[in-house]
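Structure first, commentary second.
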Amino acid sequence: MNPTLNTILQLKKQLQQSVIGQTHMVETLLVSLLTNGNVLLEGLPGTAKTRSIKALSEALSVDLGRVQFTPDLLPSDVTGTEIYQDVDGKPTLTFQKGPVFNNLLLADEINRSPAKVQAALLEAMEERQITVAGKTYKLPELFMVLATQNPVEQEGTYPLPEAQMDRFIMKINLDYPSHEDEAKIIKLVRGEEKPSEEKIEPIDPQCIFDARKQIQDIHCSDAVLDYMVSIIIATREPERYPDSPLAKWVSVGSSPRASIALDKSARSMAWLNGKEFVDPDDVRQVVHGVLRHRLILSYDAIADGVSSDQVIDEILKQVAVA
(Lines give C-alpha, C1' and ligand atoms only; values in the text may rest on other atoms or scores of the structure.)
Protein backbone atom coordinates (compact mmCIF):
# COMPACT_ATOMS: atom_id res chain seq x y z
CA MET A 1 0.00 0.00 0.00
CA ASN A 2 1.03 3.59 -0.57
CA PRO A 3 3.25 4.59 2.44
CA THR A 4 2.36 8.28 2.08
CA LEU A 5 -1.36 7.46 2.17
CA ASN A 6 -0.77 5.27 5.22
CA THR A 7 0.88 8.19 7.00
CA ILE A 8 -1.97 10.57 6.16
CA LEU A 9 -4.54 8.00 7.34
CA GLN A 10 -2.54 7.71 10.57
CA LEU A 11 -2.78 11.50 10.91
CA LYS A 12 -6.54 11.26 10.34
CA LYS A 13 -6.82 8.61 13.07
CA GLN A 14 -4.88 10.77 15.54
CA LEU A 15 -7.16 13.74 14.87
CA GLN A 16 -10.30 11.65 15.31
CA GLN A 17 -9.01 10.45 18.68
CA SER A 18 -8.50 14.06 19.83
CA VAL A 19 -11.71 15.46 18.32
CA ILE A 20 -14.68 13.24 19.15
CA GLY A 21 -17.81 13.23 16.99
CA GLN A 22 -16.51 15.49 14.22
CA THR A 23 -15.41 12.94 11.62
CA HIS A 24 -16.57 15.11 8.72
CA MET A 25 -14.59 18.11 10.03
CA VAL A 26 -11.40 16.05 10.36
CA GLU A 27 -11.79 14.74 6.80
CA THR A 28 -12.46 18.21 5.42
CA LEU A 29 -9.47 19.68 7.29
CA LEU A 30 -7.22 17.06 5.71
CA VAL A 31 -8.63 17.67 2.23
CA SER A 32 -8.06 21.43 2.65
CA LEU A 33 -4.49 20.83 3.81
CA LEU A 34 -3.76 18.48 0.91
CA THR A 35 -5.09 21.02 -1.61
CA ASN A 36 -2.91 23.79 -0.11
CA GLY A 37 -6.06 25.74 0.70
CA ASN A 38 -7.53 27.66 3.63
CA VAL A 39 -10.59 26.65 5.60
CA LEU A 40 -13.41 28.47 7.38
CA LEU A 41 -15.01 26.76 10.39
CA GLU A 42 -18.42 27.95 11.54
CA GLY A 43 -20.03 26.51 14.63
CA LEU A 44 -21.48 27.19 18.04
CA PRO A 45 -19.13 27.66 21.01
CA GLY A 46 -17.56 24.47 22.34
CA THR A 47 -17.82 22.45 19.11
CA ALA A 48 -14.04 21.77 18.99
CA LYS A 49 -13.10 24.36 16.36
CA THR A 50 -9.97 25.56 18.18
CA ARG A 51 -9.20 22.11 19.58
CA SER A 52 -9.13 20.49 16.14
CA ILE A 53 -6.66 23.09 14.84
CA LYS A 54 -4.39 22.63 17.86
CA ALA A 55 -4.57 18.85 17.43
CA LEU A 56 -3.52 19.21 13.78
CA SER A 57 -0.49 21.36 14.66
CA GLU A 58 0.57 18.94 17.42
CA ALA A 59 0.19 15.87 15.20
CA LEU A 60 2.39 17.46 12.52
CA SER A 61 4.68 19.18 15.05
CA VAL A 62 4.47 22.49 13.17
CA ASP A 63 4.24 26.08 14.39
CA LEU A 64 0.78 27.36 15.27
CA GLY A 65 -0.03 31.07 15.45
CA ARG A 66 -3.24 32.28 17.01
CA VAL A 67 -4.91 35.67 16.64
CA GLN A 68 -8.03 36.51 18.61
CA PHE A 69 -9.82 38.91 16.30
CA THR A 70 -11.35 41.88 18.12
CA PRO A 71 -12.78 45.23 16.94
CA ASP A 72 -9.60 47.09 17.95
CA LEU A 73 -7.18 44.73 16.16
CA LEU A 74 -4.79 46.31 13.64
CA PRO A 75 -3.44 44.76 10.42
CA SER A 76 0.08 44.94 11.85
CA ASP A 77 -1.05 42.72 14.74
CA VAL A 78 -1.48 39.96 12.15
CA THR A 79 1.26 40.62 9.60
CA GLY A 80 3.93 42.23 11.78
CA THR A 81 5.48 45.69 11.56
CA GLU A 82 8.76 47.53 11.25
CA ILE A 83 10.29 48.73 14.52
CA TYR A 84 13.32 50.81 15.46
CA GLN A 85 16.05 48.98 17.37
CA ASP A 86 19.35 50.17 18.72
CA VAL A 87 22.03 47.98 17.10
CA ASP A 88 25.64 48.84 18.11
CA GLY A 89 24.56 52.33 18.99
CA LYS A 90 22.82 52.91 15.65
CA PRO A 91 19.05 53.12 15.25
CA THR A 92 18.02 50.42 12.77
CA LEU A 93 14.64 49.71 11.21
CA THR A 94 13.91 45.97 11.43
CA PHE A 95 10.86 43.90 10.59
CA GLN A 96 9.13 42.21 13.52
CA LYS A 97 7.26 39.19 12.16
CA GLY A 98 3.61 38.71 13.14
CA PRO A 99 1.72 35.48 13.86
CA VAL A 100 0.99 35.01 10.14
CA PHE A 101 4.53 33.62 9.75
CA ASN A 102 3.59 30.33 11.41
CA ASN A 103 2.75 27.15 9.48
CA LEU A 104 -0.86 27.15 10.73
CA LEU A 105 -2.64 30.40 11.57
CA LEU A 106 -5.77 30.25 13.70
CA ALA A 107 -7.86 33.35 12.99
CA ASP A 108 -10.29 33.03 15.89
CA GLU A 109 -13.67 34.75 15.38
CA ILE A 110 -12.45 36.42 12.21
CA ASN A 111 -15.75 38.30 11.77
CA ARG A 112 -15.14 40.33 14.95
CA SER A 113 -12.58 42.60 13.26
CA PRO A 114 -13.23 45.28 10.65
CA ALA A 115 -12.60 44.80 6.94
CA LYS A 116 -9.12 46.38 7.04
CA VAL A 117 -7.82 43.60 9.29
CA GLN A 118 -9.64 40.87 7.37
CA ALA A 119 -8.07 42.21 4.16
CA ALA A 120 -4.60 41.89 5.71
CA LEU A 121 -5.03 38.12 5.38
CA LEU A 122 -6.04 38.18 1.70
CA GLU A 123 -2.51 38.36 0.28
CA ALA A 124 -1.29 35.69 2.71
CA MET A 125 -4.15 33.34 1.82
CA GLU A 126 -3.93 33.79 -1.93
CA GLU A 127 -0.24 34.38 -2.67
CA ARG A 128 1.51 32.95 0.43
CA GLN A 129 3.29 36.23 1.06
CA ILE A 130 2.72 39.58 2.77
CA THR A 131 3.82 43.09 1.89
CA VAL A 132 4.74 45.60 4.61
CA ALA A 133 6.16 49.08 3.91
CA GLY A 134 6.77 48.15 0.27
CA LYS A 135 8.73 44.98 1.08
CA THR A 136 7.47 41.49 0.33
CA TYR A 137 8.06 38.61 2.75
CA LYS A 138 7.48 34.97 1.84
CA LEU A 139 5.48 32.77 4.19
CA PRO A 140 6.46 29.19 5.13
CA GLU A 141 6.05 26.54 2.41
CA LEU A 142 3.54 24.71 4.60
CA PHE A 143 0.99 27.41 5.39
CA MET A 144 -2.73 27.35 6.08
CA VAL A 145 -5.23 29.82 7.50
CA LEU A 146 -7.95 28.28 9.65
CA ALA A 147 -10.58 30.89 10.47
CA THR A 148 -13.49 30.42 12.87
CA GLN A 149 -16.72 32.29 13.36
CA ASN A 150 -19.82 31.95 15.51
CA PRO A 151 -23.04 31.70 13.43
CA VAL A 152 -25.35 32.89 16.24
CA GLU A 153 -23.77 35.86 17.99
CA GLN A 154 -23.70 38.41 15.17
CA GLU A 155 -24.07 41.66 17.14
CA GLY A 156 -20.99 43.83 16.76
CA THR A 157 -19.49 41.68 13.99
CA TYR A 158 -18.24 42.47 10.50
CA PRO A 159 -19.47 39.75 8.09
CA LEU A 160 -16.81 38.58 5.64
CA PRO A 161 -17.30 40.00 2.13
CA GLU A 162 -17.99 37.54 -0.68
CA ALA A 163 -14.55 38.18 -2.23
CA GLN A 164 -12.82 36.99 0.92
CA MET A 165 -15.20 34.07 1.51
CA ASP A 166 -14.22 32.90 -1.98
CA ARG A 167 -10.59 32.60 -0.82
CA PHE A 168 -11.47 29.75 1.54
CA ILE A 169 -11.35 26.48 -0.36
CA MET A 170 -13.88 24.92 2.02
CA LYS A 171 -16.29 25.91 4.75
CA ILE A 172 -17.12 23.50 7.56
CA ASN A 173 -20.39 23.78 9.48
CA LEU A 174 -20.19 22.24 12.95
CA ASP A 175 -23.06 21.08 15.13
CA TYR A 176 -23.27 19.73 18.67
CA PRO A 177 -22.14 16.09 19.15
CA SER A 178 -24.54 13.19 19.64
CA HIS A 179 -25.50 11.70 23.03
CA GLU A 180 -22.89 8.93 22.71
CA ASP A 181 -20.15 11.27 21.52
CA GLU A 182 -20.85 13.71 24.37
CA ALA A 183 -20.13 10.93 26.88
CA LYS A 184 -16.90 10.06 25.03
CA ILE A 185 -15.82 13.71 25.17
CA ILE A 186 -16.24 13.80 28.95
CA LYS A 187 -14.14 10.63 29.30
CA LEU A 188 -11.49 12.03 26.94
CA VAL A 189 -11.13 15.25 28.95
CA ARG A 190 -10.99 13.24 32.20
CA GLY A 191 -8.12 11.21 30.78
CA GLU A 192 -6.26 14.34 29.66
CA GLU A 193 -6.36 15.74 33.19
CA LYS A 194 -4.18 12.88 34.40
CA PRO A 195 -0.44 13.03 33.64
CA SER A 196 0.53 10.50 30.98
CA GLU A 197 3.95 9.17 30.03
CA GLU A 198 2.70 7.94 26.67
CA LYS A 199 4.12 10.04 23.86
CA ILE A 200 2.69 10.08 20.36
CA GLU A 201 5.31 10.40 17.65
CA PRO A 202 4.62 13.44 15.46
CA ILE A 203 4.12 12.91 11.74
CA ASP A 204 6.72 14.33 9.37
CA PRO A 205 5.19 17.34 7.56
CA GLN A 206 7.06 16.21 4.42
CA CYS A 207 4.27 13.66 3.93
CA ILE A 208 1.91 16.55 3.09
CA PHE A 209 4.14 17.66 0.20
CA ASP A 210 4.56 14.05 -0.99
CA ALA A 211 0.78 13.59 -0.93
CA ARG A 212 0.21 16.79 -2.92
CA LYS A 213 2.51 15.49 -5.68
CA GLN A 214 0.63 12.19 -5.83
CA ILE A 215 -2.74 13.96 -5.94
CA GLN A 216 -1.64 15.80 -9.09
CA ASP A 217 -1.49 12.41 -10.84
CA ILE A 218 -5.05 11.40 -9.88
CA HIS A 219 -6.99 10.88 -13.12
CA CYS A 220 -10.23 12.75 -13.74
CA SER A 221 -12.25 11.70 -16.80
CA ASP A 222 -13.99 14.16 -19.09
CA ALA A 223 -17.37 12.83 -17.88
CA VAL A 224 -16.58 13.61 -14.22
CA LEU A 225 -15.09 16.98 -15.19
CA ASP A 226 -18.29 17.80 -17.08
CA TYR A 227 -20.29 16.74 -14.00
CA MET A 228 -18.34 19.17 -11.80
CA VAL A 229 -18.73 22.03 -14.29
CA SER A 230 -22.46 21.32 -14.62
CA ILE A 231 -22.86 21.64 -10.84
CA ILE A 232 -21.16 25.05 -10.88
CA ILE A 233 -23.15 26.24 -13.91
CA ALA A 234 -26.36 25.21 -12.11
CA THR A 235 -25.60 27.80 -9.42
CA ARG A 236 -25.25 30.52 -12.07
CA GLU A 237 -28.08 29.49 -14.38
CA PRO A 238 -30.68 27.87 -12.13
CA GLU A 239 -33.41 28.70 -14.66
CA ARG A 240 -32.13 25.72 -16.67
CA TYR A 241 -34.15 23.58 -14.29
CA PRO A 242 -37.74 24.90 -14.55
CA ASP A 243 -39.19 22.03 -12.49
CA SER A 244 -36.97 22.96 -9.55
CA PRO A 245 -37.13 25.90 -7.10
CA LEU A 246 -33.45 26.66 -7.73
CA ALA A 247 -34.17 29.85 -9.71
CA LYS A 248 -36.25 31.09 -6.78
CA TRP A 249 -33.54 30.27 -4.23
CA VAL A 250 -30.23 31.39 -5.81
CA SER A 251 -29.45 35.07 -6.25
CA VAL A 252 -25.76 34.87 -7.24
CA GLY A 253 -23.88 31.71 -8.20
CA SER A 254 -20.31 30.54 -7.70
CA SER A 255 -17.18 31.93 -9.35
CA PRO A 256 -14.56 29.98 -11.35
CA ARG A 257 -12.64 29.61 -8.08
CA ALA A 258 -15.39 27.18 -7.07
CA SER A 259 -14.71 25.00 -10.13
CA ILE A 260 -10.99 24.91 -9.36
CA ALA A 261 -11.64 24.18 -5.68
CA LEU A 262 -14.11 21.41 -6.51
CA ASP A 263 -11.60 19.74 -8.84
CA LYS A 264 -8.75 19.94 -6.32
CA SER A 265 -10.91 18.75 -3.43
CA ALA A 266 -12.44 15.85 -5.39
CA ARG A 267 -8.99 14.62 -6.46
CA SER A 268 -7.75 14.87 -2.87
CA MET A 269 -10.78 12.96 -1.61
CA ALA A 270 -10.28 10.26 -4.24
CA TRP A 271 -6.64 9.92 -3.13
CA LEU A 272 -7.71 9.69 0.52
CA ASN A 273 -10.18 6.97 -0.47
CA GLY A 274 -7.30 5.00 -1.99
CA LYS A 275 -8.38 5.48 -5.62
CA GLU A 276 -6.37 6.37 -8.72
CA PHE A 277 -9.24 8.24 -10.36
CA VAL A 278 -12.08 10.59 -9.39
CA ASP A 279 -15.65 9.31 -9.51
CA PRO A 280 -18.94 11.18 -8.86
CA ASP A 281 -19.06 9.95 -5.25
CA ASP A 282 -15.81 11.80 -4.51
CA VAL A 283 -17.32 14.96 -5.97
CA ARG A 284 -20.47 14.58 -3.85
CA GLN A 285 -18.35 14.08 -0.71
CA VAL A 286 -16.73 17.50 -1.01
CA VAL A 287 -19.27 19.62 -2.92
CA HIS A 288 -21.09 20.96 0.17
CA GLY A 289 -17.87 22.19 1.76
CA VAL A 290 -16.75 23.82 -1.48
CA LEU A 291 -20.03 25.58 -2.37
CA ARG A 292 -21.90 26.42 0.83
CA HIS A 293 -20.05 29.74 1.30
CA ARG A 294 -20.00 30.58 -2.41
CA LEU A 295 -23.75 30.94 -2.91
CA ILE A 296 -25.75 34.09 -2.28
CA LEU A 297 -29.30 33.07 -1.48
CA SER A 298 -32.33 35.10 -2.52
CA TYR A 299 -34.65 36.83 -0.06
CA ASP A 300 -37.25 34.16 -0.80
CA ALA A 301 -34.87 31.39 0.24
CA ILE A 302 -33.86 33.21 3.43
CA ALA A 303 -37.51 33.94 4.27
CA ASP A 304 -38.42 30.28 3.75
CA GLY A 305 -35.51 29.13 5.92
CA VAL A 306 -33.72 27.41 3.04
CA SER A 307 -30.01 26.84 3.75
CA SER A 308 -27.10 26.68 1.31
CA ASP A 309 -26.79 22.95 1.99
CA GLN A 310 -30.41 22.42 0.94
CA VAL A 311 -29.76 24.33 -2.27
CA ILE A 312 -26.72 22.13 -2.99
CA ASP A 313 -28.80 19.01 -2.28
CA GLU A 314 -31.33 20.21 -4.85
CA ILE A 315 -28.56 20.88 -7.40
CA LEU A 316 -27.25 17.34 -6.95
CA LYS A 317 -30.76 16.00 -7.58
CA GLN A 318 -31.10 17.99 -10.78
CA VAL A 319 -27.62 17.59 -12.29
CA ALA A 320 -27.09 14.18 -13.87
CA VAL A 321 -23.79 12.39 -14.42
CA ALA A 322 -23.01 12.26 -18.14
query: What's the extension gain from residue 94 to residue 200 if we count 0.36 nm per residue and subtract their Cα-Cα distance?
result: 34.3 nm
- prompt: How far, in nm, would the chain grow between residue 137 and residue 209 when pulled straight, counting 0.36 nm per residue and subtracting the alpha carbon separation?
  reply: 23.8 nm
- prompt: Roughly speaking, to the nearest percent, how much of the chain's 1.4 Å accessible area is carbon and sulfur?
  reply: 50
message: Per-residue counts of other Cβ atoms within 10 Å, averaged by peptide: what ranking do you get for 284-295, 240-251, highest first?
response: 284-295, 240-251
Projected label distance in nm at residue 216 and residue 284, using a 7 Å step from Cα toward the beta-carbon: 3.2
message: What distance in nm lies between label points placed 7 Å from Cα along the C-beta direction at residue 318 and residue 180?
response: 3.7
Nearest-0.05 FRET efficiency for residue 63 and residue 248, computed from C-beta distance (R0 51 Å): 0.60
- request: Tell me the GluC sites (Glu not before Pro) within the stretch 121-190 that lie in a loop according to DSSP and have at most 12 other beta-carbon atoms within 10 Å.
  value: 141, 155
- request: Check the straight Cα-Cα distances from residue 54 and name the lysines below 27 Å, setting aside those fewer than 8 residues away within the same chain.
  value: 12, 13, 97, 116, 138, 171, 184, 187, 194, 199, 213, 264
- line: With every protein chain kept in place and a 1.4 Å probe, the stretch 273-322 has an accessible area per residue in Å² of 49
task: On a C-alpha basis, how far is the centre of the stretch 40-108 from the centre of the stretch 259-322 in Å? Whole number, if you could?
output: 31
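The values are calculated or read from the model by the stated rules, or taken from the named source; none is laboratory data. This is a predicted model, so every value here is computed, not measured. We place every Cβ from the backbone using ideal geometry, glycine too, and count neighbours over all the protein chains shown. All accessible areas refer to the heavy atoms of the entire protein, side chains included, with ligands and DNA or RNA removed. Shrake-Rupley method; radii C 1.70, N 1.55, O 1.52, S 1.80 Å.
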